[in-house]
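Structure first, then comments.
The values are calculated or read from the model by the stated rules, or taken from the named source; none is laboratory data. All values derive from a computational prediction rather than experimental measurement. Cβ: placed from backbone, ideal geometry, glycine included. Neighbour counts: every protein chain shown. Ligands, DNA and RNA are stripped out before the accessible areas are found, and what is left, the full protein with its side chains, is counted by its heavy atoms. Shrake-Rupley method; radii C 1.70, N 1.55, O 1.52, S 1.80 Å.
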Amino acid sequence: MSQHLKRTKETDDLTKATAVLREGFVCVVAHVDTATTAPKCVPMVYAYHEEGEEKLLYLHGSTAWPDTTPPSLKHLLRDGGVPVCLTVTLVDALVVGRAAISTSLGYRSVVVDGIARKVGAKDRAKAIEAIGHQVFPGRWSELRPLKDGKGGELDTDGKHTPTTGVLSVSLTRDATVRAKTHAPDGPEHEGQEDLDWDGGRAWGGILPIRQVYGPARPDQHVKPGTAVPDSVRRLVEHGRSG
């Protein structure tokens, strides 16, 4: 385990961050475009993954984009790694204030400053499977197996360049992780003037936010009588916790 993780605050932050990282599946990755030295920020699908004491994130993004819009991620796929800052935010509630200044959000967030490294050919299958489980729990066993070689998703012989790049960021070796939770019981920093506004009849409180799925809609290629897969049905009926 790296030296910085022995410090209590960072260890606590990593523990708090783990719960958030397990629950989400989209992060925002900030980096510097090496060709233009301009700052860039792109959304990417991710997976939280553990191997023994190693805790890491796998990042998933297309390398086939042109260099204009949206920006190419090819320069991130370097064996030596590229510095990045990534964030994950889960919004749990709207905090309904009586004034604009006291209206806010209940949220959990994670900020990771680390090094994004290209996932090698031998680990691509493992990384893609982890991302699949994170985004769509239980779906992996229902999918077509990954293909290798030209035109496939894998590149075990190192002779081809898949159009989807996979990066990893180690949370335990070369990253700083910060976690924050904001879960107020109601509007904060309101004074008596706010409470008395409109004759004391102004409403303040919490509006919880939850994610729901469904109903599932088949595309035009699904043959009549084809059942909805178990993984899709579970998401619709129980959400990601099911």
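Leaving out ligands and nucleic acids, note down the accessible area per residue over the chain with a 1.4 angstrom probe, in whole Å².
Working: 14730 Å² over 242 residues.
Counting only protein heavy atoms, the per-residue value for the chain is 61 Å².
Given the whole protein assembly as supplied and a 1.4 Å probe, what does the accessible area of HIS75 come to in Å², nearest 10?
30 Å²
Please work out the FRET efficiency for the pair LEU195 and THR37, using the Cβ-Cβ distance as r and a Förster radius of 41 Å; give the result to the nearest 0.05.
0.20
Using 0.36 nm times the number of residues separating SER241 and THR164, minus their current alpha carbon distance, what extension gain do you get?
Gain in length upon complete extension: 24.9 nm.
Tell me, what is the FRET efficiency for VAL212 and ASP79 to the nearest 0.05, using R0 = 51 angstrom and their Cβ-Cβ distance as r?
It comes out at approximately 0.75.
From the list [x] 29, 24, 15; [y] 30, 20, 19; [z] 37, 26, 18, can you say which value of semi-axes √(5λ) of the Cα gyration tensor in Å was derived from the structure given?
So the calculated entry is the one marked [z].
Note the count of lysine pairs whose C-alpha atoms are less than 20 angstrom apart in the chain, limited to pairs 8 or more residues apart or on different chains.
Within the chain, the lysine pair count is 29.
For a quick check of your reading of the filter: which trypsin sites (Lys or Arg not before Pro) in segment 196-235 sit in a DSSP loop and have no more than 12 other Cβ atoms within 10 Å? Display every interim value, and only then the final one.
Working: sites: ARG201, ARG210, ARG233, ARG234; in loops: ARG201, ARG210.
In loop regions of segment 196-235 (DSSP not H, G, I, E or B), the sparsely surrounded trypsin sites (Lys or Arg not before Pro) are ARG201, ARG210.
Positive end of the charge dipole of the chain (Lys, Arg +1 and Asp, Glu -1 on Cβ, about the Cα centre): tell me which of ALA121, VAL29, ILE131 has its Cα farthest that way.
Value computed over the given set: ALA121.
At 0.36 nm per residue, and after removing the present C-alpha to C-alpha distance, how many nm does the segment from ARG173 to ASP123 gain when stretched out fully? Don't jump to the answer; show the numbers that get you there.
Details: separation 50, 0.36 × 50 = 18.00 nm, distance 1.79 nm.
The span from ARG173 to ASP123 would gain 16.2 nm if fully extended.
For GLU188 and ASP230, what is the calculated FRET efficiency with R₀ set at 51 Å and r taken between the beta-carbons, to the nearest 0.05?
With R0 = 51 Å, the Cβ-Cβ based efficiency is 0.70.
With a point put 7 Å past each Cα toward its Cβ, work out how far HIS221 is from TRP140 in nm, to one decimal.
Label-label distance for HIS221 and TRP140, simple model: 2.3 nm.
Extension gain LYS150-THR89, at 0.36 nm per residue separation less the Cα-Cα distance, in nm?
Result for the pair: 18.3 nm of gain on full extension.
With +1 on each Lys and Arg Cβ and -1 on each Asp and Glu Cβ, how big is the dipole of the chain about its Cα centre, in debye rounded to the nearest 20?
Values: 31 positive and 31 negative charges, 174 e Å.
For the chain, the charge dipole is close to 840 debye.
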